[in-house]
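The values are calculated or read from the model by the stated rules, or taken from the named source; none is laboratory data. Just so we're clear, the structure is a prediction, and the values are computed from it rather than from any experiment. Neighbour counts run over all protein chains shown; Cβ positions are idealised from the backbone, glycine included. Accessible surface areas use protein heavy atoms only, side chains included; no ligands, DNA or RNA. Shrake-Rupley method; radii C 1.70, N 1.55, O 1.52, S 1.80 Å.
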Amino acid sequence: MEDPVGFMRYRRHEAGKQHARARVRHWHEYEQIMPLDHATIQSRRCMDCGTPHCHAYCPVHNLIPDWNSLVSEDDWHAAWQQLESTNNFPEFTGRVCAAPCEDACTLSIRSRAVTIRSIELAVVEQAWQSGWIRPQPASRKLFRRVAVIGSGPAGLACAQQLVRAGYRVTVYEKANRAGGLLRYGIPDFRLEKPVLERRLAQLHAEGVRFRTGIHVGQDLEFEALHRNSHAVVLACGSEQPRPLDVPGCSLGGIHFAMDYLVQQNRRMAGDYVSHELELDAGGKQVVVIGGGDTGSDCVGTAIRQDARQVMQVQYHDRPPDHVDNLCYWPGPVPEWHANDHDDEGCRHVWAYDTVAFTRHSALVDQVDGLTLQKLRWVKG
Ligand code: SF4
């Protein structure tokens, strides 16, 4: 640990973002990668806690204090080795993870958390640039076949671990390209697809076979696949939308998030999108129901498609500006943080439930509004 009182010496500085007015004019990532000297200083804020809650709250249990300490000493290669020991794809999590580690960071009780996610991204991008990320083919092959159904992050991580252990791994993907949610769910402004392609190239080189355009259960019988494999991994994710069962919910113009986001990602990839099925928010008034990451991705997409106005409806109250972190730590603190898309022009409606969709006339099968009901939240 380079500086035991770094947490008192340095303040939190985030990686920069392109200004909202400029970034809404394109689809590229707008969050910058933290420069190395900046990340080194930020890592010195880590206190190397005896009980690192950041590590416990990280979904993949990254060894956060260990690689923070190595970054603080400018030992990027060792930091990379620590990072890859727990995380197959830090370039994805470093871009899109909600970072529960930062909520759990001890420093956040009375100050601001270490910029863990940005440091993670700086480490992995340094590893790619330095050529440290190479295929790691198994030294001996096992004659056991594993079929992985689904090529999203879970399927890819599973395939990589198995192929490195010597298994013969085939990944089945129903879409025409591998990547699942990484490719078709997350917009380019959060995760550009060359980031995915370079990782897929590594998996190919390690020996993973990809069979795309095959929908197991339709194009290929599951039983046949099961019979011809020693093991089958189901990593197909959940594509079931949660419908709003209210009057008018089947009107035209109401779409599920994953139909909308997938189509935009296909368009970005140059795929053909039929004119009749086209979902384009250009010039329209858009209401996004739901305030999670998927809702935010829809907001950002609609803004970049040049929607006239975008409003996001959330059923919970607007969080307070400040709360006592100790009441919640190490869990997430329900405090107001501006969303990136607020700067881009999105308007929020808090504590409303959607009770009906309306149309202009009974002759028109197209939504033209919605009826909201105010919710009053009381402590239970
Ligand atoms: S909780 Fe925060 S300060 Fe403590 S080890 Fe983790 S990152 Fe460092």
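Going through (1) within 24 Å of Ala98 (Cα to Cα); (2) more than 24 Å from the chain's Cα centre (by Cα) one by one, Phe189 falls short only on (2).
For the stretch 57-109, a tally of residues being farther than 14 Å from Gly331 by Cβ, within 15 Å of the ligand (Cβ to nearest atom) and among the hydrophobic types (A, V, I, L, M, F, W, C) returns 10.
In the stretch 177-192, the residue that is surrounded by the fewest Cβ atoms within 10 Å (Cβ to Cβ) out of those that are among the basic types (Lys, Arg) and under 19 Å from Gly155 (Cα atoms) is Arg177.
State which residue is nearest to Gln366 (Cα to Cα) when the search covers only the stretch 270-310 and only residues that are without any contact (Cβ under 8 Å) to a residue 12 or more places away in the chain and in a helix (DSSP H, G or I).
My answer is Glu276.
The set of residues in the stretch 315-337 that are open to solvent by 60 Å² or more (accessible area, probe 1.4 Å), within 13 Å of Gly291 (Cβ to Cβ) and without any contact (Cβ under 8 Å) to a residue 60 or more places away in the chain comprises Arg318, Trp336, His337.
How many residues does the stretch 60-75 hold that are open to solvent by less than 50 Å² (accessible area, probe 1.4 Å) and assigned to a helix (DSSP H, G or I)? Residues in the stretch 60-75 being open to solvent by less than 50 Å² (accessible area, probe 1.4 Å) and assigned to a helix (DSSP H, G or I): 8 in total. If you scan the stretch 203-234, which residues turn out to be farther than 20 Å from Gln160 by Cα and of a type in the set (Gly, Ala, Ser)? Gly213, Gly217, Ala224, listed by residue number. Note on the stretch 110-137: residues that are touching a residue at least 60 places away in the same chain (Cβ under 8 Å), more than 10 Å from the ligand (Cβ to nearest atom) and either more than 19 Å from Asp66 (Cα to Cα) or out of contact with any helix residue (DSSP H, G or I) (no Cβ under 6 Å at 6 or more places or on another chain) (or both) amount to 10. Scan the stretch 21-59 for residues that are open to solvent by 60 Å² or more (accessible area, probe 1.4 Å), under 18 Å from the mean Cα position of the chain (by Cα) and within 26 Å of Ser130 (Cα to Cα) and jot them down. Once the filter is applied, which keeps residues that are open to solvent by 60 Å² or more (accessible area, probe 1.4 Å), under 18 Å from the mean Cα position of the chain (by Cα) and within 26 Å of Ser130 (Cα to Cα), the stretch 21-59 yields His28, Gln32, Ile33. Of the candidates Gln161, Gln126, the single residue that is under 22 Å from the mean Cα position of the chain (by Cα), open to solvent by 20 Å² or more (accessible area, probe 1.4 Å), assigned by TED's automatic domain parsing to the domain that holds Asn87 and at pLDDT 95 or above is Gln126. Pairing residues of the stretch 86-108 that are on the phi > 0 side of the Ramachandran plot with residues that are part of a helix (DSSP H, G or I), at Cβ distances under 7 Å and at least 6 apart in sequence or on separate chains, gives Ala99/Ile116; Ala99/Arg117. Among all residues of the stretch 91-101, there is at least one that is at pLDDT 95 or above and more than 30 Å from Val323 (Cβ to Cβ). Could you list, in sequence order, all residues of the stretch 300-335 that are within 25 Å of Gln373 (Cβ to Cβ) and either in contact with a Phe, Trp or Tyr (Cβ under 8 Å, 6 or more places away or on another chain) or modelled with pLDDT under 90 (or both)? Selection gives Val313, Gln314, Tyr315, His316, Asp317, Arg318, Pro319, Pro320, Pro334.
Answer yes or no as to whether Arg140 is out of contact with any helix residue (DSSP H, G or I) (no Cβ under 8 Å at 6 or more places or on another chain), outside the structural domain of Gly217 (by TED's automatic domain parsing) and not hydroxyl-bearing (Ser, Thr, Tyr).
yes
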